[in-house]
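The values are calculated or read from the model by the stated rules, or taken from the named source; none is laboratory data. Please read these numbers as outputs of a predicted model, since none were measured by experiment. Using ideal geometry, Cβ is built from the backbone for each residue, glycine included, and neighbour counts are taken over all protein chains shown. Accessible surface areas use protein heavy atoms only, side chains included; no ligands, DNA or RNA. Shrake-Rupley method; radii C 1.70, N 1.55, O 1.52, S 1.80 Å.
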Amino acid sequence: MLQLYLKLRETSLKICAPLGVEDHNLQPMPDASPAKWHLAHTTWFFETFVLSQYMDEFRPYHPAFRNVFNSYYNSVGDRPLRGLRHILSRPSLDEVHAYRIYVDEAMVHLLTLELPQAAIELIELGINHEQQHQELIITDVKNGLWTNPLRPAYRVRAGHASADDKSASPLTWHSFAEGVYSVGFEGSSFAFDNEGPRHNVFLQNFRLASRLVTNREYLDFMRDGGYSNPLLWLSDGWDCVRNNQWNAPLYWEQRDGDWLNYTVEGLQPIRLNEPVCHISFYEADACARWAGARLPSEFEWEVAARSRPMTGNFLESDALHPQPAQAADGVAQMFGDVWEWTGSAYTPYPGFKTAAGAVGEYNGKFMCNQMVLRGGSCATPQSHIRATYRNFFPPHVRWQFMGVRLANGD
Ligand SMILES: [Fe+2]
């Protein structure tokens, strides 16, 4: 676990390496947090939930940080408004780095001791928590840099995001038989509380597309008047389209008649064979309806995914951008590339109970007004994802790496 911890902490800094000091404090919207805040808050998590409880005579780095870097834990105490995290020009970035080193030294010491199971579980939670924030650093920085009219790139290099547009494998349909399936996590390895308890569900016959919807297919939806036909949209979705004047995915812009796409490597021509990305639940749902299909339920997705290898385009591939589907036996691209919107509302599984104490606030209290996404993205660390993993966001959100796979009845 010591090695896992050290690697984790190094990865967060590596993600921030291309950023200047000012970039670390960008907060383009309340949903996105400054990279500096992410670096401090993930450190706060280990300090508050692990070191303060399990290390004798541990002294916090700074007594005020307990509140300043709290995100949403009411049981821990007060915190600054979420949309005002950018006002934390102090502590400086250097001091946040010093805070990380202070906590790392204590954690390294703690990890050499014999620890109770409860402490080990909290450290595992802290590691998985920081992995979630690693993905958020990338998506939040991307949004912050894109908001700048200069459209600066997160990094400049001839990387995967600017690679040739390899062709995508043809879309085929895979059938799954109706029946009672066990879904949800069961086992002794780490999983979030919202992935269980394992339970039975009945699924009708269904079919799942062999790959994600591509930019080419999404452009067909756009050119067919997708954004101007209210009959394709949920009522809330249509309001969202009108109020925000959406006519394309987030980060798309038209220049001289051509569509460009803002990536971590700056503005690039749209690559038709890549999966469409940065669309809301509403857009995913409307596009599926236009295609004569629907979104998969989260359980249909899980049943199809669990026999698939957990390989794909993750953070480790360093593309930080979805890639065209390659031919595979069975359904492809289930893991990595983009989080896949499902038609399932984020609600508790039968028998779900929140954990005792502050960490009980981690997932359970958000089970309202959000939809489930599955499979991880090109910004998700590979070791973070599972077939039972449930991500969740409100239906209008687009700044995560989010896309769509079609499903249908038999
Ligand atoms: Fe957090």
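Annotation for the stretch 160-170: no member residue is closer than 30 Å to Glu361 by Cα and either modelled with pLDDT under 95 or in a loop (DSSP other than H, G, I, E, B) (or both).
Looking across the stretch 243-282 at every residue that is touching a residue at least 40 places away in the same chain (Cβ under 8 Å) and aromatic (Phe, Trp, Tyr), the one that is nearest to Met402 (Cα to Cα) is identified as Phe281.
Among the residues of the stretch 312-334 satisfying the criterion of being in contact with a Phe, Trp or Tyr (Cβ under 9 Å, 6 or more places away or on another chain) and either aromatic (Phe, Trp, Tyr) or in contact (Cβ under 8 Å) with a residue 60 or more places away in the chain (or both), which is farthest from Asn261 (Cα to Cα)? Before you say what the answer is, go through the steps one by one.
We begin by selecting, within the stretch 312-334, every residue in contact with a Phe, Trp or Tyr (Cβ under 9 Å, 6 or more places away or on another chain); these are 312-314, 320-322, 334.
Those left that are additionally either aromatic (Phe, Trp, Tyr) or in contact (Cβ under 8 Å) with a residue 60 or more places away in the chain (or both): 312-314, 320-322.
On the way: Gly312: 22, Asn313: 19, Phe314: 20, Leu320: 14, His321: 11, Pro322: 12 Å.
Among them, the one singled out is Gly312.
Taking residues in the stretch 56-81 that are on the phi > 0 side of the Ramachandran plot, and partners anywhere that are within 16 Å of the ligand (Cβ to nearest atom) and open to solvent by less than 40 Å² (accessible area, probe 1.4 Å), the pairs with Cβ atoms closer than 7 Å and at least 6 places apart or on different chains are Gly77/Asn70. If you go through the stretch 29-43 one residue at a time, do you hit one that is surrounded by fewer than 23 Cβ atoms within 10 Å (Cβ to Cβ) and over 21 Å from Lys365 (Cα atoms)? Yes, the stretch 29-43 contains a residue that is surrounded by fewer than 23 Cβ atoms within 10 Å (Cβ to Cβ) and over 21 Å from Lys365 (Cα atoms).
When the residues of the stretch 165-188 are filtered to those that are touching a strand residue (DSSP E or B) at 6+ places or on another chain (Cβ under 6 Å) and under 16 Å from Leu406 (Cα atoms), the one that is least open to solvent (accessible area, probe 1.4 Å) is Ala168. Taking the stretch 60-149 and the helices (runs of 4 or more DSSP H) fully enclosed by it, the elements with 3 or more residues that are of a type in the set (Val, Ile, Thr) and within 16 Å of the ligand (Cβ to nearest atom) are at 117-147.
Of all residues in the stretch 4-27, those that are outside any loop (DSSP other than H, G, I, E, B) have Cβ atoms under 6 Å from Cβ atoms of residues that are of a type in the set (Lys, Arg), 6 or more apart or on another chain, in His24/Lys36; Asn25/Lys36.
Across the stretch 364-380, the number of residues qualifying as in contact (Cβ under 8 Å) with a residue 40 or more places away in the chain and either of a type in the set (Asp, Glu) or under 13 Å from Trp339 (Cα atoms) (or both) comes to 9. Among the residues making up the stretch 231-283, those that are in contact with a Lys or Arg (Cβ under 8 Å, 6 or more places away or on another chain), under 26 Å from Ala327 (Cβ atoms) and surrounded by fewer than 21 Cβ atoms within 10 Å (Cβ to Cβ) are Leu272, Asn273. Given the criteria charged (D, E, K, R), within 16 Å of the ligand (Cβ to nearest atom) and part of a loop (DSSP other than H, G, I, E, B), does Asp56 qualify? Criteria not met by Asp56.
Looking at this structure, is His41 touching a helix residue (DSSP H, G or I) at 6+ places or on another chain (Cβ under 8 Å), of a type outside the set (Val, Ile, Thr) and within 14 Å of the ligand (Cβ to nearest atom)?
Values: touching a helix residue (DSSP H, G or I) at 6+ places or on another chain (Cβ under 8 Å): yes; of a type outside the set (Val, Ile, Thr): yes; within 14 Å of the ligand (Cβ to nearest atom): yes.
Taking the combined requirement at face value, the residue satisfies it.
In summary, Thr48 fulfils each of the numbered conditions (1) more than 16 Å from the ligand (Cβ to nearest atom); (2) modelled with pLDDT of 95 or more with the single exception of condition (1). Please tell me if Gly343 is modelled with pLDDT under 95, surrounded by fewer than 23 Cβ atoms within 10 Å (Cβ to Cβ) and not in a loop (DSSP other than H, G, I, E, B). Considered against the rule, which asks whether it is modelled with pLDDT under 95, surrounded by fewer than 23 Cβ atoms within 10 Å (Cβ to Cβ) and not in a loop (DSSP other than H, G, I, E, B), Gly343 comes out as no.
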